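Beneath this line is the structure, given in structure tokens, with notes to follow.
The values are calculated or read from the model by the stated rules, or taken from the named source; none is laboratory data. Just so it is clear, the model here is predicted, and its values are computed rather than measured. Glycine gets a Cβ as well: all are built from the backbone with ideal geometry, and neighbour counts include every protein chain shown. Surface areas here come from the heavy atoms of the whole protein model, side chains and all, with no ligands, DNA or RNA. Shrake-Rupley method; radii C 1.70, N 1.55, O 1.52, S 1.80 Å.
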Amino acid sequence: MAGAPMRDDPLAYLGAELDNLRAQGLYRRLRVLDDAQAARTRIDGRSVVNLSSNNYLGLTTHPRLVQRAREALDKYGVGTGSVRTIAGTMQLHVELERRLAEFKKTEAVVVFQSGFAANAGTVAAILTKDDFVISDELNHASIIDGARLSRATIKVFPHRDAAAARAIVQSLPPQARKLLITDGVFSMDGDLGALPQLCDLAEEQGLIMMVDDAHASGVFGQNGRGTIDHFGLHGRVDIQVGTLSKAIGALGGYVAGSRDLIEFLQHRGRPFLFSTSHPPSVTATCLAALDVLADEPRLVERLWENTRFFKNGLNGLGFNTGASESPITPVITGEAATAMKLSDELFARGVFAHGIGFPTVPRDKARVRTIVTAAHTSEDLQFALDAFAKVGRMLGLI
Ligand SMILES: Cc1ncc(COP(=O)(O)O)c(C=O)c1O
């Protein structure tokens, strides 16, 4: 450009950061799907058994969901053209919120653009700098970001340790407002939050109780109602977050709770106020998913049959699978480089299981994370187990 002065690239430090990641074996190229998100698909030109999606029930390609999306596209077009609070609320959005409230057995629901937005938007909206968040150390990044945005004081308790959470609460000013928060299912370990004990603590100490059930909705409880249903805690959790992006197969997040909570979030939840609402096809897809959850309980049963089969297979081979109680089963390798090698060698043999390292998991707990779905066949899972056996022996993991 004529006349533009030469200057050093002010973003050069980012390149250095990337080199750092490469040196630590943490640099990842994005894998690209050549086909639909499914149990068997093509990724980077290779046909694979896919153990890396959150598509728990195989709903991303379910004919009833695809049909409802098509109908909504034909009838309403591709977008809403507005945020919810101006002109972006369609009957479909209202109906989805009504159905989700019924599903979660709460007074009301508000839908956000993603589970991330639901968590971050809610925590940031309901707390101020004078308040406290008491949070499990492995809670999702969106909870941490929401807490930071709220400017409340963040107190972290060791993973699933309700006694430690109690000690923290007792050390805080009694009159201060406090939010106690846990994931229902932890996304990297597949274990469950200490919900019953934390609910007891919340009731005893007058805390706000919040559960992020992103990985539990569609998976745990009656017809996939989540961990609150699984543990019999209806009415004892003030704020439930769910996602429409995982088992539901589409995109979005929601908050379920009292009518006052939901109306407050409609006025103060910043992603709700300042970001365009879901396209009608997405909303219609989610409505169809709720119909499928009600009408086809076999899908959840099949998910759990597959989960048991695959977990037993990995454990039988001698892998370290941590403390998972859900369809998320980590294969813990320790070193990040070993996790990435395991993932790459599995991929070369037609199995896609993503390697995960720091900062997503602690430095010495790198892993390959596997998630089975209802859509995998027994042959798919046996094929994957055979590949794990070969590569595991090759790398000295078993
Ligand atoms: C525990 C947990 N909460 C929230 C989210 C965010 O959900 P979404 O992908 O819908 O933004 C995720 C996953 O991405 C998650 O694992």
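Along the positive direction of the dipole of the chain (beta-carbon charges: Lys, Arg +1; Asp, Glu -1; about the Cα centre), which of T182, F231, M90 reaches farthest?
The one lying farthest along the dipole's positive direction is M90.
Between the stretch 171-226 and the stretch 347-396, what's the alpha-carbon centroid distance in Å?
Between the Cα centre of the stretch 171-226 and that of the stretch 347-396, the gap is 29 Å.
Please report, in debye to the nearest 20, how large the charge dipole of the stretch 202-241 is about its Cα centre when each Lys and Arg carries +1 at its beta carbon and each Asp and Glu carries -1 there.
On the way: 2 positive and 6 negative charges, 31 e Å.
Here the stretch 202-241 has a charge dipole of around 140 debye.
For the chain, what does the relative contact order come out to in percent, with C-alpha contacts under 8 Å and a separation of six or more? Write down the numbers at each step before the final one.
Details: 795 pairs, mean separation 86.8, N = 398.
Worked out over the chain, it gives 22 percent.
Amide H to amide H under 5 Å from S114: which residues, 5+ apart in sequence or cross-chain, H placed 1.01 Å off N in plane?
Correct list: G253.
Under a 1.4 Å probe, what is the accessible area of the chain per residue, stated in Å²?
On the way: 17830 Å² over 398 residues.
Roughly 45 Å² per residue, with all protein chains present.
How high is the relative contact order of the stretch 200-346, in percent, counting Cα pairs under 8 Å that sit 6 or more residues apart? Provide the component values of the computation, followed by the final result.
Working: 149 pairs, mean separation 21.3, N = 147.
Relative contact order here is 15 percent.
State whether the stretch 179-325 is rounded, prolate or oblate according to the following rule on the C-alpha gyration tensor (a ≥ b ≥ c being the square roots of its eigenvalues): a/c under 1.5 gives rounded; otherwise a/b larger than b/c gives prolate, and the remaining case gives oblate. Intermediate results must be reported in sequence, preceding the final value.
Working: a/c = 2.00, a/b = 1.25, b/c = 1.60.
Oblate, since a/c reaches 1.5 and b/c is not below a/b.
Of the heavy-atom accessible surface of the stretch 249-398 (probe 1.4 angstrom), what whole percent is carbon and sulfur? Numbers along the way, then the final one.
Details: 3200 of 6070 Å².
For the stretch 249-398, the apolar C and S fraction of the accessible surface comes to 53 percent.
If I take every Cα pair under 8 Å that is 6 or more residues apart in the stretch 96-212, average their sequence separation and divide by the length, what percent do I get for the relative contact order?
On the way: 176 pairs, mean separation 25.6, N = 117.
Across the stretch 96-212, relative contact order equals 22 percent.
Let me make sure I get this right: for the stretch 1-41, a, b and c are the square roots of the gyration tensor eigenvalues over alpha carbons, sorted descending. Under 1.5 in a/c it's rounded, otherwise prolate if a/b > b/c, else oblate. Which is it?
On the way: a/c = 7.14, a/b = 1.88, b/c = 3.80.
Oblate is the answer for the stretch 1-41, as a/c is 1.5 or above yet b/c matches or exceeds a/b.
How big is the stretch 179-226 by the Kirkwood estimate over distinct Cα pairs, in Å? Can you show the working numbers first?
Working: mean 1/r = 0.0898 Å⁻¹.
For the stretch 179-226, inverting the mean 1/r across all distinct Cα pairs yields 11.1 Å.
For V49, enumerate residues with amide H under 5 Å from its amide H, sequence gap 5+ or separate chain, H modeled in the peptide plane.
V351, F352
Evaluate the charge dipole of the chain about its Cα centre and quote only its size in Debye, nearest 20, assuming +1 on the Cβ of each Lys and Arg and -1 on the Cβ of each Asp and Glu. Could you put the intermediate results ahead of the total?
Working: 43 positive and 44 negative charges, 97 e Å.
For the chain, the charge dipole is close to 460 debye.
Once amide H atoms are built 1.01 Å from N in the peptide plane, which residues 5 or more positions from G334, or in another chain, come under 5 Å H to H?
Excluding prolines and chain starts, which carry no amide H, the hits are A366.
How many percent of the alpha carbon pairs in the chain exceed a separation of 26 Å?
Numbers: 44695 of 79003 pairs.
Considering the chain, 57 percent of its Cα-Cα pairs are separated by more than 26 Å.
Of N315, Y254, L395, whose Cα points farthest to the positive end of the dipole of the stretch 243-398 (charges on the beta-carbon: +1 Lys, Arg; -1 Asp, Glu; origin at the Cα centre)?
So the residue furthest toward the plus end is L395.
Taking the DSSP beta bridges in the chain as the whole, what percent of them are antiparallel, to the nearest 5?
Numbers: 25 of 44 bridges.
So the antiparallel bridges in the chain amount to around 55 percent.
Extension gain D260-R22, at 0.36 nm per residue separation less the Cα-Cα distance, in nm? Working shown, then result.
Details: separation 238, 0.36 × 238 = 85.68 nm, distance 4.88 nm.
Taking D260 through R22 to full extension adds about 80.8 nm, to one decimal.
Can you tell me the dipole magnitude for the stretch 74-229 around its Cα centre, using point charges on the Cβ only (Lys, Arg +1; Asp, Glu -1), in Debye to the nearest 20?
440 debye
For the stretch 272-388, rounded, prolate or oblate, judged on the Cα gyration tensor with a ≥ b ≥ c (square roots of eigenvalues), a/c < 1.5 rounded, else prolate if a/b > b/c? Display every interim value, and only then the final one.
On the way: a/c = 2.31, a/b = 1.41, b/c = 1.63.
Taking the square roots of the gyration eigenvalues as a ≥ b ≥ c, the stretch 272-388 is oblate.
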